[in-house]
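Participant: Pasting in a structure now, in structure tokens, and then I'll have a few things to ask.
Just so it is clear, none of the values below were taken in a lab; they were calculated from the coordinates. Every value quoted in this text rests on a predicted model; they were computed, and no experiment measured them. Here the Cβ is made from the backbone with ideal geometry for all residues, glycine too, and neighbour counts use every protein chain on show.
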Amino acid sequence: MGPFTAEYRANFSDTDAAGIVHFSTIFFWVEATEEALFRQLKLPFIRAEGTKLTGFPRVRVECDFLSPIHREDLVMIALTPAELGDKKIVWAFEAKVGDRAVARGALTTVYAWREGQGPMAAALVPLEIKAALQKHFEA
């Protein structure tokens, strides 16, 4: 199966004074696409059990901005796992307006937990999550 995709319309609130979508908006859309994938697969994106919280904090992000996005553009975000590791997932992403690539990059997340307000600690990605992602992208 190909990448997981979601479409977003660039709104006025997404743009800077020049009318071009602010660079940070791409990261918002990528994160929203990742959450939509988890929702579609019925996987926990963040889980709270008592005072224990688990999820995927972001530890690294990179992006090449290839072409400007303007207000009212429809932007397609395509998300593919570049690495499904034991403790991390690296998402490759591409943003397009029509056939025009506008951004390309990667988002690295690490599965982690914390108790109460304590420090975060890395943990193994639950097998249910890893297996569901592998099945979805290998199908």
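Participant: Provide the per-residue ³J(HN,Hα) series for region 28-34, in order, calculated from phi with Karplus coefficients 6.51, -1.76, 1.60 and θ = phi - 60°, each as a whole number of Hz, with x at glycine and proline positions.
Facilitator: For region 28-34, the Karplus curve yields 4, 5, 4, 5, 5, 5, 4 Hz.
Participant: Hey, another quick one. Taking a threshold of 22 Å on the Cα-Cα distance, which of the pairs K88/K135; K42/K135; K96/K135; K52/K135 fall above it?
Facilitator: Beyond 22 Å between Cα atoms: K96/K135; K52/K135.
Participant: While we're here: With axes computed from alpha carbons, what is the tilt in degrees of helix 127-138 against the longest principal axis of the chain, rounded to the nearest 10 within 0 to 90?
Facilitator: 40 degrees
Participant: OK, next. Fully extended, how many nm does the chain gain between R58 and A92 (0.36 nm per residue separation, minus their Cα-Cα distance)?
Facilitator: 10.9 nm
Participant: Multiplying the sequence separation of F45 and M120 by 0.36 nm and subtracting their Cα-Cα distance, what value in nm do you get?
Facilitator: 25.4 nm
Participant: Counting other Cβ atoms within 10 Å of each Cβ, which trypsin sites (Lys or Arg not before Pro) in region 46-84 have at most 15 and sit in a DSSP loop?
Facilitator: R71
Participant: While we're on this one: Taking H placed 1.01 Å from N in the peptide plane, check which residues at least 5 places from L66 or on another chain put their amide H under 5 Å from its amide H.
Facilitator: Correct list: A103, R104.
Participant: Just grab the label-to-label distance for E7 and E138, each label 7 Å out from Cα along the Cβ direction, in nm (one decimal).
Facilitator: Result for the modelled spin labels: 3.1 nm.
Participant: Got a sec to turn the phi values of region 35-41 into Karplus ³J(HN,Hα) couplings, 6.51 cos²θ - 1.76 cosθ + 1.60 with θ = phi - 60°, whole Hz, x for Gly and Pro?
Facilitator: Each residue's phi maps through the Karplus curve to give 5, 5, 4, 4, 4, 4, 7 Hz.
Participant: Also, I was wondering about something else. So what's the back-of-envelope 222 nm ellipticity for the chain, counting only DSSP H runs of four-plus at -39500 (n - 2.57) apiece and dividing by all residues, rounded to 500?
Facilitator: Estimated from H runs of four or more residues: -7000 deg cm²/dmol.
Participant: Going by amide H atoms built from the backbone, whose H comes under 5 Å of the H on Y111, apart from near neighbours?
Facilitator: Amide H neighbours of Y111, under 5 Å, 5+ apart: K88, I89, A123.
Participant: Any chance you could run the full-extension gain for T80 through E128? It's 0.36 nm times the residue separation minus the Cα-Cα distance, nm to one decimal.
Facilitator: Length gained between T80 and E128: 15.5 nm.
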